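Worksheet for the structure shown next.
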Amino acid sequence: MENVKEISSNYKQLTLKIEKDAFDDAVMKAYKKNVGKINVPGFRRGKAPKSIIEKMYGKSFFYDDAIDSILPDIYSEAVEEAGLNVVSRPEIEIVSVDENGVTLTAKVYTKPVAVVSAYKGLEAEKEEAVVTDEDIDNEILQVRKRNSRLLTITDRPAENGDDVVMDFEGFINDVAFEGGKAEKHNLKLGSGSFIPGFEEQLIGHGTGESFDITVKFPEEYGSEKLAGCEAVFKITLHEIKRDEIPELDDDFVKEVSDTLNTVDEYKADIKAKISDRKEKANDRAYEEKLIDALLANTEVEVPEPMTETETETEMRDFDYRLRSQGGSLELYYKYTGTDEKALKDSFRSQSERRVRTRLALEAVIKAEGIVPTAEEITAEYEKIAAGYKMEIDKIKESIHEADITEDICYRKAVDFIRENAIAVKPVSKEE
């Protein structure tokens, strides 16, 4: 069209025209809207003629408000008439204001069309979901640890790994120092919670014993008064405890499961669950590799505004996740020592990949004529409604069918690529 000029790839310039009568009418409306806010000597507030105000402040005094009021409709009509799929805010520039009206330009980025050279027969490695005996044993061990019980030990002295309850008080040159005293303090031996040598000297002592230990504070200790000093701690050991991990037997199985009764049944169930997890993880990895292969066959120049919009969406989602866990972006910046720019930069590469992926999938959708069925659209609405525990009509009010259709098409395009792909076995490291 004559009013559209291509500046560069996916960067267009629209020429917009506001006719004189429409502009004059908009200027008059701007005058009536603002005259009550303007003080003009010799006139009561709101009574100064438009010509007097323009004489005082310039003829263009009301132009900005007038243009702002009429521009959105003019711009929208021009975009629709030109058939542009705009992906950025317009950069507006006033070219002229004269007896013929107003001429403006609007520079915009448009959505690019990806060129995909191949999307059928893509090859990608896919791992097999192999479950080893070690995988099963480790999984069961974690369950056993979660069901462990802390038992009081009375028939032996403290050992590494025990939990002890003690009183202690520290002295340097027979003088107690600040912060060196506690009562009924809990400590796991071997945790490294105390200064070097402290925990090791508790080992071998029994419940009810009182004794002294001698330690030396590190040269670079946090307190200058204590750094490098030798100290004597007077200890009273009140209690020794130990985590008891339950044995793997049929009784344990019945305790942790409502449906299983034997160790063999339990191991088979654990194996199936691990296999399912690995299969899903391998499936996701395989799909990502197929997308990588698709993008390798895709030519498309992504406008920066599309990446920026996707990055902003990622920032909002990240903020939402933080807030749902009681945090915020402000706290995240504080504790990680980062800032908004650094966080956005960390999202940018993945954001561009997501945009490129959608554009590539749109090319596949168009090439294969992929469309969702009415049943698929209804099923998607029902799934969302169930997830949010809302009536389906309420979901339909908040989510447009076009958005649902788009999401289904993307998924069907990925499914099509998978169905026509070739999964290859990874090359063994030994090979």
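No value in this document is a laboratory result; all are computed from the given coordinates. The structure displayed is predicted, hence computed values, not measured ones. Cβ atoms come from the backbone with ideal geometry, glycine included; neighbour counts cover every protein chain shown.
Odds and ends about this structure:
- Phi-based couplings in Hz for region 197-203 (Karplus 6.51, -1.76, 1.60; Gly and Pro marked x): x, 5, 5, 4, 7, 7, 5
- Between residue 224 and residue 321, the simple label model (points 7 Å from Cα in the Cβ direction) yields a spacing of 4.4 nm.
- Lysines with Cα under 25 Å of residue 396, excluding same-chain neighbours fewer than 8 positions away: 383, 412
- Counting every other Cβ atom within 10 Å of each residue's Cβ, 159, 80 order from fewest to most as 80, 159.
- Exposure proxy order (Cβ contacts within 10 Å, fewest to most) of 166, 315: 315, 166
- Under-5 Å amide H pairs with residue 16, H placed in peptide plane, nonlocal only: 104, 105, 106
- Phi to ³J(HN,Hα) by Karplus 6.51 cos²θ - 1.76 cosθ + 1.60 over region 357-372, Hz, x for Gly, Pro: 5, 4, 5, 5, 5, 4, 5, 5, 4, 5, 5, 9, x, 6, 9, x
- With distances taken between every two different alpha-carbon atoms, region 4-109 has a Kirkwood hydrodynamic radius of 15.3 Å.
- Taking 7 Å steps out from each Cα toward its Cβ at residue 394 and residue 295 produces label points 3.8 nm apart.
- From helices alone, the chain scores -15000 deg cm²/dmol at 222 nm; the rule is -39500 (n - 2.57) for each run of n ≥ 4 DSSP H residues, then divide by the residue total.
- Separation between Cα centres of region 106-132 and region 260-284, rounded to whole Å: 31 Å
- FRET efficiency, residue 29 to residue 92 (Cβ-Cβ, R0 22 Å, nearest 0.05): 0.70
- Residue 174-residue 344 FRET efficiency (beta carbon distance; Förster radius 56 Å; 0.05 resolution): 0.40
- When the pairs 111/289; 111/334; 271/425; 17/366; 273/394 are compared against a 31 Å limit on Cα-Cα distance, 111/334; 17/366; 273/394 fall above it.
- Proxy reagent accessibility, fewest Cβ within 10 Å first, across 62, 416: 416, 62
- Long-range amide H partners of residue 11 with built H, under 5 Å: 110
- Hz values of 3J(HN,Hα) by residue in region 59-75 - Karplus curve (6.51, -1.76, 1.60), Gly and Pro given as x: 5, 8, 4, 9, 4, 4, 5, 5, 5, 4, 6, 9, 4, x, 5, 4, 5
- Additional length obtainable on full extension of the chain from residue 159 to residue 367, 0.36 nm per residue less Cα span: 67.9 nm
- Amide proton proximity set for residue 147, modelled H, under 5 Å, gap of 5+: none
- Between residue 403 and residue 232, full extension at 0.36 nm per residue minus the direct alpha carbon distance yields a gain of 54.4 nm.
- Between residue 80 and residue 244, the contour length at 0.36 nm per residue exceeds the alpha carbon distance by 51.8 nm.
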